[in-house]
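S.K.: I have a structure I would like to understand better, so I am pasting it below and will then ask my questions one at a time.
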Amino acid sequence: MSKVKIKDIKTLADTKYLKLYDAEYVNKNGDIRNWSIASRKDLSTLRGKFFNEEEDTADAVIIIATHVEEEKLVVIRQFRVPINDYVYELPAGLIDKGEDFKDSAKRELKEETGLDLLKIDYDKTKSKVYISTGMTDESVALVYCTCTGSISKEYLEADEDIDIMLLSKNEAKEVLKSNERIDIKALLMIQNFIDL
C-alpha cells in the first residue's frame, strides 16, 4: 500500500463545469506537499472519494462510432477555447445527472453529429478510464458503438462549433499525415481504425 496520503482538500475555484482544488498530501518520504487538481466533481463528492473510499462514476463519455452503412469512423473537428483553435476529436460529452453512460453516449452522438446510436460493443467499451491523471481526476466511459443516419448540425448547442466527418481508412490516413491539431484519444482511435 502506498505511503502517500491526502490529508486535506480545499476549493480554489468553483465554476459550473470545472472546479480547482488544492490537495494537501504526505509524500512517500513523509513530507507535506500540495497538488492542484482540476475536477468536475463537487467538494463533497471528492471528499467522499478520498476520505471514505466512496465510488464515483464517470464524468463524461467518449464515443468511438462506426457508421454501419458507410463503414467509416465518426470524427469531429471542434473549436476549443483552451487552444484557441480547431482540433480533431471523437464525439464526446458530459454525463448528465440521472443518466448512465449508455444514455449519455446515445444523446451526445445525436447532439454532436445527428447520427443515431445502434449498438454498443460491450466487449470493447470501458465504463471508466482516466484522461490526464497528473492534472485531473476526470474519468470517462469509452464507448465503442455502431451508428446510422445522416450527419446533421441541427442539434448543436450555441457554443459548439463542430464539423462532422465520416472517415474512410484512406481519409483517416490523410488526417494523421496533416499538421492539424488532434486530440490524443482521436489519434489513437484513428490509428486503431486504420489497422483493422
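The values are calculated or read from the model by the stated rules, or taken from the named source; none is laboratory data. Everything numeric in this text was worked out from a predicted model, so none of it was measured. Ideal geometry is used to build each Cβ from the backbone, glycine not excepted, and the neighbour counts take in all protein chains shown.
S.K.: Surrounded by fewer than 17 Cβ atoms within 10 Å (Cβ to Cβ), modelled with pLDDT of 95 or more, over 28 Å from Thr45 (Cα atoms) and under 16 Å from the mean Cα position of the chain (by Cα) - does that describe any residue in the stretch 82-91?
M.R.: Scanning the stretch 82-91 turns up at least one residue that is surrounded by fewer than 17 Cβ atoms within 10 Å (Cβ to Cβ), modelled with pLDDT of 95 or more, over 28 Å from Thr45 (Cα atoms) and under 16 Å from the mean Cα position of the chain (by Cα).
S.K.: So, Ala38, is that one surrounded by fewer than 17 Cβ atoms within 10 Å (Cβ to Cβ), within 25 Å of Leu142 (Cα to Cα), small (Gly, Ala, Ser) and within 22 Å of the chain's Cα centre (by Cα) or not?
M.R.: Working: surrounded by fewer than 17 Cβ atoms within 10 Å (Cβ to Cβ): yes; within 25 Å of Leu142 (Cα to Cα): yes; small (Gly, Ala, Ser): yes; within 22 Å of the chain's Cα centre (by Cα): yes.
Judged against the criteria, Ala38 is a match.
S.K.: Another one. If you scan the stretch 25-65, which residues turn out to be in contact with a Ser or Thr (Cβ under 8 Å, 6 or more places away or on another chain) and assigned to a helix (DSSP H, G or I)?
M.R.: Leu43, Leu46
S.K.: Can you pull out the residues in the stretch 71-81 that are buried (at least 18 other Cβ atoms within 10 Å of the Cβ) and basic (Lys, Arg)?
M.R.: Passing the criteria: Lys72, Arg77.
S.K.: Now, a different point. Report those helices (runs of 4 or more DSSP H) wholly inside the stretch 93-196 carrying at least 3 residues which are surrounded by fewer than 17 Cβ atoms within 10 Å (Cβ to Cβ). Outline the logic, then answer.
M.R.: Numbers: elements: 101-113, 169-177, 184-195.
Ranges flagged: 169-177, 184-195.
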